[in-house]
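Everything below concerns the one structure shown next.
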Amino acid sequence: MAEAVESALEDRRHLIVEAGTGTGKTLAYLVPAILSGRRVVVSTGTKNLQEQLYYKDVPFLQQHFEQPLSVCYMKGRSNFLCRQKLYDAEKTPMLEGLQEVADFQIIRDWEQTTETGDRAEIKKLPESSSAWAKLDARRELCTGQKCAQYQRCFITQMHQRAHESDVIIVNHHLLCADLAMKEDDFGGILPDYTAVILDEAHEVEAVAGEYFGLSVSNYQFTDLLRDMSATARRKNFGSEELDRVIIQLQDAAAYFFSLFGEGDGRTGFREQSAFLAEHQDKYADLLHGLELAWTHLELVKDAPEEVLPLLRRARELHRALEFWMPAADPTFVYWLERRNRGVYLQATPIDVAPLLSSKLFERIDTVILTSATLTVAGDFDFVKTRLGVPGARTEAVASQFQYGEQALLYVPQHLPDPRNAAFTASASEEVLRLLRATRGRAFVLFTSYQQMRLLHDRISAAIEYPCLLQGTGPRHALLEEFRSTPNAVLFATSAFWQGVDVPGDQLSCVIIDKLPFTVPSDPVVEARIRQIRESGGEPFREYQIPQAAIALKQGFGRLIRSRTDRGVLALLDNRITRQRYGQIFFDSLPDYAFTLDFNDVKRWCESLT
Ligand code: SF4
């Protein structure tokens, strides 16, 4: 892999490398990247992986290089403290409740000594700290170069470090935000670079869809109006007229967003013309309210710098609404998402390939994509097509693990089809039987929350092992509890299908309820399926099966994380053995030992203890 990466960097070619778990892919791309003498952006799937690269792999490599390595990391702005907000908060009361006051003290003390301003340094700050949300360096209230703290600002310093570094470690969210911004007036977030390495590259399509699309929510209006009033108060430009403008926009936004109904979920929105015919006046009121707000802000006499970001946000919301409401661009799918009290109007590119192609693959001559799960039945066509990089070189590096000896895949034959109503009851019996054989120590992974809760309720009442449920605590805390609780069982959905590492006996079994096909009624999936069909393709074969095969490989990949790990994999969906397409799944998975017989599972488990 290192040689393939080195050649790609030398020949200025795109490369896709599938490197199985345990191959050391991080070092295989970092070493040639460092030696290339080019400025390389390394993008990972998560912030955790970024930290692992920066704090573990880079120091390890440093021991073997004479020259100091020129490496830095960049994260999104909300990870950093805004010094100006902190100083303002000391003067103006803005904290609510004892928890916020306590968090504020921690942050204030830390600000005196931190060199990065990255909140990951403050381990004792709760993940969901509302004090942090009031102090972070998000762009919404930043006045940039006009800010008195600009030179000392952690964001400015992060950019300076990036300008002086040869390797910049980012995550896909930041990279895609940078690619999406390159074409607008603000320029990019990252300094210029000539090569990119995308680790966990199977996640890029989803992240790119999010960043190359658009989202407008009722919360953005609430936040803007709250910031307008607070800034007006703090900077003494408030007036009765401004209060009226704010109330008018508040009412218009509340009315407009209430028109989209109730109930959580993601739904398509294709009724734009009918909606506009009925509610044109409410839509016009909202646009007019925004125009009034920014006109008012423009007229503030001797306006302080803080007015500029407010103006920018009002205009961005106006532009986004004007894009979303007419739904005029056929390359986007327009949809709605309701979560708790939030209403999100979303537009997502149906196919990110042309966008990634023009924004990334045609602009940067060397892009290296890697992950343990990129091939489908040994073939790279799916990832090449989905991401828009048809001419890339490819390389598959096998894992060093002896999968046939380390893992047994079991597919029970007596269970009904998972689409059958009788499936849940039979599946929970089978899970119980498996958990007793493995003495817990298992992940039970689901494709839907509903099924996860149903099975958790049935099984936790019937089994003697501690059962943990996704959603009852932060992800890392649940994982920690799983690692430290003997014989624990974790019930989870997609959040735990990837990027989770539990080496050793504590995880000895992974059970998956169904083949992880994306839900075809989801608006984005539905639009992608329709587009493939309309262009003469077969969506099930070209999109749904490959996507599910990669997801299954990810899910089962949780079990074997080292050469000494051993355990049982169970798939409760026997369509894999009964339908013709099942072979594609088998051909995509490593060569696990395989059985249809539960007695083999029992024997395998006995050999584990
Ligand atoms: S430049 Fe922006 S983020 Fe930095 S301290 Fe000033 S307002 Fe905060």
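The values are calculated or read from the model by the stated rules, or taken from the named source; none is laboratory data. Just so you know, these numbers come straight off a predicted model, no measurement behind them. Note that we place each Cβ from the backbone using ideal geometry, even for glycine, and neighbour counts take in every protein chain shown.
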Picked from the stretch 119-140 (must be within 15 Å of the ligand (Cβ to nearest atom) and small (Gly, Ala, Ser)), the residue surrounded by the fewest Cβ atoms within 10 Å (Cβ to Cβ) is ALA133
Here the qualifying pairs (Cβ atoms under 7 Å; residues six or more apart or on different chains; first in the stretch 129-158 and within 16 Å of ALA230 (Cα to Cα) and among the β-branched types (Val, Ile, Thr); second within 9 Å of the ligand (Cβ to nearest atom) and in a helix (DSSP H, G or I)) come out as THR143/PRO309
Among residues of the stretch 48-68 being buried (at least 16 other Cβ atoms within 10 Å of the Cβ) and among the charged types (D, E, K, R), the residue farthest from the ligand (Cβ to nearest atom) is ASP57
Of the residues in the stretch 428-462, those that are of a type in the set (Lys, Arg) and either under 20 Å from SER607 (Cα atoms) or within 27 Å of the chain's Cα centre (by Cα) (or both) come to ARG433, ARG436, ARG439, ARG441, ARG453
A careful count of residues in the stretch 140-154 that are within 20 Å of ARG313 (Cβ to Cβ), aliphatic (A, V, I, L, M) and out of contact with any helix residue (DSSP H, G or I) (no Cβ under 6 Å at 6 or more places or on another chain) gives 0
Reported set for the stretch 301-350 where residues are acidic (Asp, Glu) and either more than 17 Å from ARG530 (Cβ to Cβ) or not assigned by TED's automatic domain parsing to the domain that holds ASN236 (or both) is ASP302, GLU305, GLU306, GLU316, GLU322, GLU337
When you check LEU596 against the structure, is it touching a residue at least 12 places away in the same chain (Cβ under 8 Å) and surrounded by fewer than 20 Cβ atoms within 10 Å (Cβ to Cβ), yes or no?
yes
In the stretch 251-264, anything of a type outside the set (A, V, I, L, M), surrounded by fewer than 16 Cβ atoms within 10 Å (Cβ to Cβ) and in a helix (DSSP H, G or I) is listed as ASP251, TYR255, SER258
Apart from one, (1) surrounded by 17 or more Cβ atoms within 10 Å (Cβ to Cβ); (2) in a helix (DSSP H, G or I); (3) out of contact with any helix residue (DSSP H, G or I) (no Cβ under 6 Å at 6 or more places or on another chain) all hold for VAL245; the odd one out is (3)
Restricting attention to the stretch 101-118, the residues that are more than 14 Å from the ligand (Cβ to nearest atom) and not in a loop (DSSP other than H, G, I, E, B) number exactly 9
LEU552 passes all but one of the listed conditions (1) over 18 Å from LEU374 (Cα atoms); (2) under 27 Å from the mean Cα position of the chain (by Cα); (3) buried (at least 21 other Cβ atoms within 10 Å of the Cβ); (4) not small (Gly, Ala, Ser); the exception is number (1)
* Do we find a residue being under 24 Å from LEU415 (Cα atoms) and surrounded by fewer than 19 Cβ atoms within 10 Å (Cβ to Cβ) anywhere in the stretch 555-568? -> no
Scanning the stretch 565-585 for residues that are in contact (Cβ under 8 Å) with a residue 12 or more places away in the chain and part of a loop (DSSP other than H, G, I, E, B) gives ASP565, ARG566, LEU572, ASP573, ASN574, TYR581
Counted residues in the stretch 18-41 being out of contact with any helix residue (DSSP H, G or I) (no Cβ under 6 Å at 6 or more places or on another chain) and not in a helix (DSSP H, G or I) come to 10
Of ALA162, ALA201, ALA148, the only residue that is touching a strand residue (DSSP E or B) at 6+ places or on another chain (Cβ under 7 Å) and either aromatic (Phe, Trp, Tyr) or within 16 Å of the ligand (Cβ to nearest atom) (or both) is ALA162
When restricted to ASP223, ASP243, ASP192, the only residue touching a Lys or Arg at 6+ places or on another chain (Cβ under 9 Å), acidic (Asp, Glu) and farther than 21 Å from LEU321 by Cα is ASP192
- Query: Taking the stated definitions as given, is ALA102 over 28 Å from the mean Cα position of the chain (by Cα), at pLDDT 90 or above and of a type in the set (Gly, Ala, Ser)?
  - Reply: yes
* To do: Assess whether LEU174 counts as being crowded, with 18+ Cβ neighbours inside 10 Å, farther than 26 Å from PRO68 by Cβ and either of a type in the set (A, V, I, L, M, F, W, C) or away from the ligand (no atom under 14 Å from the Cβ) (or both).
  => no
Taking the stretch 103-141 and keeping residues aliphatic (A, V, I, L, M) and within 29 Å of ALA232 (Cβ to Cβ) leaves ILE107, ALA131, ALA133, LEU135, ALA137, LEU141
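The rows are residues; the columns are (1) crowded, with 17+ Cβ neighbours inside 10 Å; (2) closer than 27 Å to ARG475 by Cβ; (3) in contact (Cβ under 8 Å) with a residue 40 or more places away in the chain.
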| site | (1), (2), (3) |
| --- | --- |
| GLY45 | yes, yes, yes |
| SER70 | no, no, yes |
| GLY76 | yes, yes, yes |
| LYS85 | yes, no, yes |
| GLN112 | no, no, no |
Taking the stretch 265-323 and the residues there that are of a type in the set (Ser, Thr, Tyr) and assigned to a helix (DSSP H, G or I), the one that is surrounded by the fewest Cβ atoms within 10 Å (Cβ to Cβ) would be SER273
Residue hits (the stretch 176-212; within 19 Å of GLU140 (Cα to Cα) and small (Gly, Ala, Ser)) are ALA177, ALA180, GLY187, GLY188
In the set ILE189, ILE169, the lone residue that is within 16 Å of the ligand (Cβ to nearest atom), over 27 Å from ALA284 (Cα atoms) and within 25 Å of the chain's Cα centre (by Cα) is ILE189
Expected single match for away from the ligand (no atom under 16 Å from the Cβ) and under 22 Å from LEU174 (Cα atoms) among GLY76, GLY97, GLY45 is GLY45
Among strands (runs of 3 or more DSSP E) entirely inside the stretch 354-436, those with 2 or more residues being more than 16 Å from VAL204 (Cβ to Cβ) are 393-397, 407-410
